[in-house]
Amino acid sequence: VSSFIDDCSQLDDPNTPYSKALYWMVYTDGLSINPIAQFLHFKQRYIAVLFWYTTEGVNWSGESNFLNSATHECEWNKMHPDEREPRGILECDYDKNIVKLQMYNNNLAGSLPMEFGKMSDKMESMNFSQNNIGGNIPESIGLEMDKLTKIRFSKNNFSGSLPQSFSNLSNLEFMQLYENILTGSVDFMCGIAMDRLDVECYEIECTCQFCKKNNCD
């Protein structure tokens with residue numbers, strides 16, 4: 001775990017999400033993944049579990065089958081109780097790398113772990129809109145998830161500025177950032193051939209031709 005965690009001191013306190021996720025992997029997980037022989041699978045599963053803890057998964061409106069110790073994390077999805085679309089890890093590739101994560105309108109709170117981008121370098125789409133996620137958007141997303149084509153962060157409580165690392169996401173087609181408390185400029189994204197970037201009208205500076213400003217009344 002120490003090889004991909006940004007701050008290993010988080011593992012010293014048994015009450016942190018990092019320690020709780022590790023405890024789950026070691027003592028609860030029925031798959032008993034070897035962290036050396038199956039490093040990539042261990043890392044993906046650990047960060048998925050960590051994500052559940054940092055976003056207060058116990059309070060999610062639909063559990064999405066997360067932390068099912070008997071199944072691969074690619075099966076951690078479930079139909080939302082109030083809607084007709086599932087939530088959770090919706091798609092993995094042939095090698096069982098996570099490709100699509102859909103968690104919109106599911107009562108997520110807390111924050112995304114800084115290591116979130118290290119979950120899967122095959123991720124293509126993620127939807128976190130209409131939740132209560134706060135804190136900074138992880139820089140690791142831009143550094144590790146270069147296959148992303150769609151990102152939805154709208155209608156949350158993300159703060160700070162969009163990480164400069166997002167300029168590495170050359171395959172990005174669509175991103176929503178509006179209705180957060182983000183600030184600063186996203187003009188460093190102008191070099192990407194995106195179709196659309198939705199931002200808040202008065203909070204984020206964006207002069208890219210594909211920018212769409214929201215809530216300008």
Sulfur and carbon atoms: percent of accessible area, the chain [1.4 Å]: 44 percent
10 Å-binned pair-distance histogram of the chain (Cα, whole percent): 8, 34, 36, 17, 4, 0
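Past 23 Å, Cα to Cα, is the threshold; run LYS20/LYS118; LYS122/LYS155; LYS155/LYS213; LYS122/LYS212; LYS96/LYS150; LYS43/LYS96 against it and keep the listed order. Intermediate results must be reported in sequence, preceding the final value.
On the way: LYS20/LYS118 18 Å; LYS122/LYS155 25 Å; LYS155/LYS213 14 Å; LYS122/LYS212 27 Å; LYS96/LYS150 20 Å; LYS43/LYS96 13 Å.
Going by Cα-Cα distance, LYS122/LYS155; LYS122/LYS212 fall outside the 23 Å limit.
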Counted charge near TRP24, where neighbours are those whose Cβ lies closer than 13 Å (Asp, Glu -1; Lys, Arg +1): 0
Helix-only CD estimate at 222 nm, as mean residue ellipticity for the chain, using -39500 (n - 2.57) per DSSP H run (n ≥ 4): -3500 deg cm²/dmol
Protein-only accessible surface order, largest first, of SER140, SER32 at 1.4 Å: SER32, SER140
Point-to-point label distance, SER185-GLN38, nm (Cα→Cβ direction, 7 Å offset): 4.8 nm
Relative contact order (percent, whole number), the chain, Cα cutoff 8 Å, 6+ residue spacing: 11 percent
Region 4-57, Cα convex hull volume normalised per residue, Å³: 80 Å³
Radius of gyration and maximum dimension Dmax of region 118-217, Cα, Å: 12.3, 39
DSSP bridge orientation in the chain - percent antiparallel, rounded to nearest 5: 25 percent
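Please work out whether region 1-116 counts as rounded, prolate or oblate from its C-alpha gyration tensor, where a ≥ b ≥ c are the square roots of the eigenvalues and a/c under 1.5 means rounded, while otherwise a/b larger than b/c means prolate and anything else oblate?
Details: a/c = 1.86, a/b = 1.31, b/c = 1.42.
Note, shape of region 1-116 comes out oblate.
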Alpha-carbon Debye profile of region 52-106, log10 I(q)/I(0) at 0.16, 0.29 Å⁻¹: -0.45, -1.23
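Before I look further, what does the chain give for accessible area per residue, probe 1.4 Å, in whole square angstrom? Let's see the in-between values first.
Details: 10200 Å² over 217 residues.
Counting only protein heavy atoms, the per-residue value for the chain is 47 Å².
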Cysteines having no other Cys beta carbon under 4.7 Å from their own, within the chain: CYS8
For the chain, built as a Gaussian network whose Cα springs stay under 10 Å, the top-fluctuating residue of LEU50, LEU169, LEU108: LEU169
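Tell me, Kirkwood radius of region 75-138 from alpha-carbon pair distances, in Å?
Numbers: mean 1/r = 0.0796 Å⁻¹.
So the Kirkwood estimate lands at 12.6 Å.
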Interatomic Cα distance distribution for region 143-201, bins of 5 angstrom, percent: 4, 19, 31, 28, 16, 1
Most mobile listed residue (ALA21, ALA48, ALA70) in the chain, GNM with C-alpha springs under 10 Å: ALA70
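The values are calculated or read from the model by the stated rules, or taken from the named source; none is laboratory data. The structure presented is a predicted model; accordingly, all values stated were derived computationally and were not measured. Neighbour counts are summed over all protein chains in view; Cβ atoms, including those assigned to glycine, are modelled from backbone coordinates with ideal geometry. Calculation scope for accessible area: heavy atoms of the full protein, side chains included, ligands and nucleic acids excluded. Shrake-Rupley method; radii C 1.70, N 1.55, O 1.52, S 1.80 Å.
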